[in-house]
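The values are calculated or read from the model by the stated rules, or taken from the named source; none is laboratory data. Owing to the predicted nature of the structure, the values given are computational and were not obtained by experimental measurement. Cβ sites come from the backbone with ideal geometry, for glycine too, and all protein chains shown count toward neighbours.
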Amino acid sequence: MQTRKLGPFESSAIGFGGMCLSHAYGTPPDPATAAAVLLRALDLGITHIDSAALYGFGANETLIGNVLGGRRHEFILITKGGMFRNAQGQREIDGRPETIRKNCEDSLQRLRADVIDLYYLHRWDKRVPIEESVGALSDLVEEGKVRTIGLSEVSAATLRKAHAVHPITALQTEYSLWTRNAEVAVLKTCRELGIAFVAFSPIARGFFGGQLRDVSTLPPKDIRLAMPRFQGEHFARNLGLLEGLSDVARESGCTMAQAALAWVMAQGPYIIPIPGTTRIDHLEENARADQIRLSPTALAKLDELINPSTVSGARYNAAVQQEIDTEELALKT
């Protein structure tokens with residue numbers, strides 16, 4: 001697989017988002033299946049393995065530590081802190097320096113690692129100045145527990161403030177044909193400052209795979225059920241986007257998911273998409289998108305077909321939207 005720069009590291013051009021193996025999309029796969037997916041990812045040349053303390057409240061990090069510990073030299077170890085379980089057992093964003101330190105030290109134990117290659121602040125805790133949280137991350141670098149640091153779901157202004165405290169290696173946020181918020185200012189800022197942009201949900205949480213046509217088939221605890229784009233009339237309208245995507249994919253000699261990934265990668269050489277999956281066949285399909293080069297005509301068609309004017313519904317509900325710090329685009333209502 002080709003590579004892209006991730007600070008001091010050479011990352012596979014397509015990474016792997018580990019969340020779905022432990023979190024968010026209903027019942028996680030059994031341990032043997034999850035292990036097989038992770039091991040196959042390395043065999044395919046994927047060196048960018050993304051995790052977080054939040055995913056399964058530590059279960060994802062434990063999985064990666066147990067399964068990939070013997071192949072530690074083959075991949076970039078990446079995880080996140082600052083969002084975990086509080087004393088009441090509930091998910092909480094907490095960016096205080098003491099919490100970030102504890103999250104990191106606990107993650108190191110679960111991952112069976114001496115150092116984390118890239119450690120993200122999972123969400124900016126708006127009760128804590130970003131400079132304080134990044135200062136805590138910088139301390140972890142100085143102590144040798146972390147090699148580089150990143151931020152997730154922050155605006156360009158917040159990114160600049162953070163970068164002034166300590167060099168930011170990567171910014172991670174949602175980016176795909178139907179989520180273009182990063183195009184307001186974040187992509188430009190990453191390019192200007194030499195920061196890698198890591199795109200999560202580049203296949204629109206599986207929607208651009210083309211197989212999800214009825215949300216009633218989703219398991220009860222699937223997070224997509226709380227997302228406006230997957231609800232009612234919004235979902236019905238968004239289904240209409242798939243026909244054009246299918247046509248472009250067919251003309252380009254690839255699958256719909258591969259076309260969606262290729263579009264993301266074509267937006268800049270500093271962009272690394274990290275699709276997640278629980279299936280080896282989908283993992284292999286995603287990895288092959290590294291070889292897809294969409295023509296200028298195909299890219300233009302996709303931009304015209306799927307954009308903020310044609311997508312129906314917001315990406316998050318109002319409560320979740322309040323937790324993040326990103327520039328927002330007006331969408332069709």
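One residue is enough: does the stretch 269-276 have a residue meeting the conditions farther than 30 Å from residue 27 by Cβ and among the aliphatic types (A, V, I, L, M)?
Checked against the condition, which is being farther than 30 Å from residue 27 by Cβ and among the aliphatic types (A, V, I, L, M), the stretch 269-276 yields at least one hit.
Sort through 58, 70, 45 and tell me the only one that's over 23 Å from residue 170 (Cα atoms) and either aromatic (Phe, Trp, Tyr) or surrounded by fewer than 24 Cβ atoms within 10 Å (Cβ to Cβ) (or both). Break it down stepwise before answering.
Numbers: 58 fails: over 23 Å from residue 170 (Cα atoms); 45 fails: over 23 Å from residue 170 (Cα atoms).
Unique residue meeting the criteria: 70.
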Among the residues of the stretch 208-227, which ones are surrounded by fewer than 17 Cβ atoms within 10 Å (Cβ to Cβ) and not hydrophobic (A, V, I, L, M, F, W, C)? 211, 213, 214, 216, 217, 219, 220, 221
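Anything in the stretch 29-49 that is within 16 Å of residue 65 (Cβ to Cβ) and outside any strand (DSSP E or B)? List them, or say none. Step through it out loud before you land on a result.
Quick first cut of the stretch 29-49, residues within 16 Å of residue 65 (Cβ to Cβ) only: 31, 34-35, 37-39, 41-42, 49.
Hits for the stretch 29-49 are 31, 34, 35, 37, 38, 39, 41, 42.
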Got a number for residues in the stretch 107-129 being crowded, with 24+ Cβ neighbours inside 10 Å, under 17 Å from residue 163 (Cβ atoms) and of a type outside the set (Phe, Trp, Tyr)? 2
Tell me which of these residue 10 doesn't satisfy, since it passes every other one: (1) free of Cβ contacts under 8 Å to residues at least 24 places away in the same chain; (2) closer than 19 Å to residue 271 by Cα. (1)
Cβ-Cβ under 6 Å pairs, at least 6 apart or on other chains, the stretch 78-92 side at positive phi, far side aliphatic (A, V, I, L, M) and in a strand (DSSP E or B): 82/121
Only one of these is over 17 Å from residue 224 (Cβ atoms), at pLDDT 95 or above, of a type in the set (Val, Ile, Thr) and buried (at least 20 other Cβ atoms within 10 Å of the Cβ): 255, 277. Name it. 255
Can you tell me which of 196, 204 is at positive phi and in contact with a Leu (Cβ under 8 Å, 6 or more places away or on another chain)? 204
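Do we find that residue 78 is part of a loop (DSSP other than H, G, I, E, B) and in contact with a Phe, Trp or Tyr (Cβ under 8 Å, 6 or more places away or on another chain) in this structure? Full working, then the answer.
On the way: part of a loop (DSSP other than H, G, I, E, B): no; in contact with a Phe, Trp or Tyr (Cβ under 8 Å, 6 or more places away or on another chain): yes.
For residue 78, the condition - part of a loop (DSSP other than H, G, I, E, B) and in contact with a Phe, Trp or Tyr (Cβ under 8 Å, 6 or more places away or on another chain) - is not met.
Would you be able to tell me the number of residues in the stretch 32-52 that are of a type in the set (Ser, Thr, Tyr) and farther than 15 Å from residue 279 by Cβ? Let's see the steps before the verdict.
Restricting attention to the stretch 32-52, the residues satisfying the condition of being of a type in the set (Ser, Thr, Tyr) are 33, 47, 51.
So of that shortlist, the ones also farther than 15 Å from residue 279 by Cβ come out as 47, 51.
The number of residues fulfilling the criteria is 2.
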Set 287, 298: member being buried (at least 19 other Cβ atoms within 10 Å of the Cβ), over 24 Å from residue 52 (Cβ atoms) and modelled with pLDDT of 95 or more: 298
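When you go through 249, 196 one by one, which is the residue that is surrounded by 21 or more Cβ atoms within 10 Å (Cβ to Cβ) and under 21 Å from residue 47 (Cα atoms)? Spell out the reasoning first.
Numbers: 249 fails: under 21 Å from residue 47 (Cα atoms).
One residue alone meets the criteria, 196.
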Answer yes or no as to whether residue 287 is among the small types (Gly, Ala, Ser), in a helix (DSSP H, G or I), on the phi < 0 side of the Ramachandran plot and without any contact (Cβ under 8 Å) to a residue 60 or more places away in the chain. no
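So, in the stretch 156-178, how many residues would count as being more than 24 Å from residue 51 (Cβ to Cβ), in contact with a Ser or Thr (Cβ under 8 Å, 6 or more places away or on another chain) and either surrounded by 19 or more Cβ atoms within 10 Å (Cβ to Cβ) or of a type in the set (Val, Ile, Thr) (or both)?
2
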What are the residue pairs meeting all of these: first residue in the stretch 27-53, first residue of a type in the set (Asp, Glu), second residue crowded, with 19+ Cβ neighbours inside 10 Å and not in a strand (DSSP E or B), Cβ atoms under 8 Å, and 6 or more apart or on different chains? 50/15; 50/18; 50/19; 50/274
Meets criteria (in a loop (DSSP other than H, G, I, E, B) and under 22 Å from residue 181 (Cβ atoms)) for residue 304: no
